[in-house]
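Taking it in order: structure first as structure tokens, then the write-up.
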Amino acid sequence: MDDYTNGNYTNMSDYYDMIMTSGYYDYNTISDAILQSMKGHRLLEIGCGTGLILEKILKEESISQATGFDLTESMLDIAERRLKGFENTALYLQDVTTLDLPGQYDTAFSYGGVWYFSRNDDGLSMISHISDDEGNRKGLSKLAQHVVVGGHLLLGIQGPHVDYESPIKGDMVYSQKIIPTTIGFTKNYFLKKNDEVLMSQTINYRVYSFEDALSLLAEFGFEYKSVKEDDNHIFLKFKRV
Ligand SMILES: C[S@@+](CC[C@H](N)C(=O)[O-])C[C@H]1O[C@@H](n2cnc3c(N)ncnc32)[C@H](O)[C@@H]1O
């Protein structure tokens, strides 16, 4: 079987929640934006990680069902513990390139999951955790089979990828280093305490120009709905046609 997996967050999973909730992502704003832009009631998170977004969303009474999948077992284990009090959720250990879930969804979303957009001085580009173009095509094809016609795909927009270092808590410092590659960039993540490396992880990302991303998504039935002034600017919205 082909293996396109590159999103292995095993090393980071023990520290993921601490890093992300120290200001890396604003989970309240992210979940509000999803609730505002979603269509229908069956929600699917692509690359749900430890379930931080799903937890916020499931607290909303209007949500009847929220499902997530992720290929990293240690991340999903944390999500399972986090969400065990909710009845209206399901989690699956799956890779999007071979996605096979029981049913279809009205809205699928990814914030920092498999695919997302990054804003820099040149505009928007799409970042993928799948470094191989064929793998991206397989993933989008599988995803399209799981989103109802007329449903939505929401892909998060983040800031540019840059080198930085930030204190987390206690004496811990998170840092990331970006190295450009021919297909995009490699990101090295580190968590250090008094110069001792507690965690390090490397992910190779593929970058698609905005135009290439829109035509790739359109090929698999995801049509871009342009961002209006009154829309939130946290997600780009695509309609499944
Ligand atoms: C930066 S984390 C984002 C997690 C979550 N969306 C959040 O906001 O905290 C990216 C996640 O995408 C998952 N991922 C990457 N490639 C994937 C693939 N091909 N299929 C499923 N999940 C994938 C990783 O395992 C990781 O948990």
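The values are calculated or read from the model by the stated rules, or taken from the named source; none is laboratory data. Since the model is a prediction, treat every value here as computed from it, not as a measurement. When we count neighbours, we look across all protein chains shown, and the Cβ atoms used for this are built from the backbone with ideal geometry, even at glycine.
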Restricted to the stretch 121-131 and to residues being polar (S, T, N, Q) and modelled with pLDDT of 95 or more, the residue nearest to the ligand (Cβ to nearest atom) is SER128
Which of (1) within 22 Å of GLY135 (Cα to Cα); (2) in contact with a Ser or Thr (Cβ under 8 Å, 6 or more places away or on another chain) does ALA79 not meet, given it meets every other one? (1)
Could you grab me the full set of residues in the stretch 40-65 that are small (Gly, Ala, Ser) and near the ligand (Cβ under 7 Å from one of its atoms)? GLY47, GLY49
So which of GLY151, GLY139, GLY103 is more than 30 Å from SER22 (Cα to Cα) and touching an Asp or Glu at 6+ places or on another chain (Cβ under 6 Å)? GLY151
Taking into account only those residues within the stretch 7-24 that are surrounded by fewer than 18 Cβ atoms within 10 Å (Cβ to Cβ), part of a loop (DSSP other than H, G, I, E, B) and near the ligand (Cβ under 9 Å from one of its atoms), which is modelled with the highest pLDDT? THR10
Being free of Cβ contacts under 8 Å to residues at least 60 places away in the same chain and within 14 Å of TYR208 (Cβ to Cβ) is the filter here; which residues of the stretch 120-157 pass it? ASN120, ASP122
Only residues that are in contact with a strand residue (DSSP E or B) (Cβ under 6 Å, 6 or more places away or on another chain) and crowded, with 23+ Cβ neighbours inside 10 Å: list them for the stretch 128-150, please. SER128, ASN136, VAL147
For residues in the stretch 132-158 being small (Gly, Ala, Ser) and away from the ligand (no atom under 14 Å from the Cβ), which is nearest to ASP26 (Cα to Cα)? GLY151
When the stretch 104-122 is checked residue by residue, the ones that are out of contact with any Ser or Thr (no Cβ under 8 Å at 6 or more places or on another chain) and farther than 11 Å from GLU45 by Cα are GLN104, ASP106, ARG119, ASN120, ASP121, ASP122
Single residue of the stretch 81-120 satisfying the filter (among the acidic types (Asp, Glu) and either within 14 Å of the ligand (Cβ to nearest atom) or not in a loop (DSSP other than H, G, I, E, B) (or both)) that is surrounded by the fewest Cβ atoms within 10 Å (Cβ to Cβ): ASP100
Could you tell me whether SER166 is modelled with pLDDT under 95 and within 13 Å of the ligand (Cβ to nearest atom)? no
Identify the single condition in (1) in a strand (DSSP E or B); (2) under 29 Å from ALA144 (Cα atoms) that LEU216 does not satisfy, given that it satisfies every other one. (1)
I'd like to know if the stretch 186-209 contains one or more residues that are closer than 30 Å to VAL148 by Cβ, out of contact with any Leu (no Cβ under 6 Å at 6 or more places or on another chain), free of Cβ contacts under 8 Å to residues at least 24 places away in the same chain and not polar (S, T, N, Q). no
